[in-house]
Amino acid sequence: MPDGKSRPPADVEKIMHVSLPISNETALMGSDSFESFGAKTIYGNNFSLSINAESRAEADAIYLALSAGGKVIMPMEDAFWGGYFGTFIDKFGINWMVNFEKNEEE
């Protein structure tokens, strides 16, 4: 765990992230729900839409526009894998992930 904490035994066999590219522009991604992160699986929250931005500014703009009236789960911040990432639930109850891979800007 990036914060130095150990994983709960129930999370040891779970998948944090998997990605299956299906074209140059599109990938299917998945993960298990981690109750230790507050993510109890409920039908309707068992999927997220993900957007990869071309810059930090674009990531912030997308995040602010789509999260308006919704619930912030994780604000846009530097992530332990080197990306700039945030998640939220929009006003319609849809889970979103916004990501910018910093090395794309360099």
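The values are calculated or read from the model by the stated rules, or taken from the named source; none is laboratory data. Quick caveat: nothing in here was measured; it's all calculated off a predicted structure. Methodologically, a virtual Cβ is constructed for each residue, glycine included, from the backbone with ideal geometry; neighbour enumeration extends over all protein chains shown.
Here are a few things to note about the model shown:
- Here is the figure for the stretch 48-106: residues that are assigned to a strand (DSSP E or B) and either of a type in the set (Lys, Arg) or touching a residue at least 40 places away in the same chain (Cβ under 8 Å) (or both) total 14.
- Some residue of the stretch 60-80 being within 22 Å of Arg7 (Cα to Cα), surrounded by fewer than 11 Cβ atoms within 10 Å (Cβ to Cβ) and modelled with pLDDT under 90: yes
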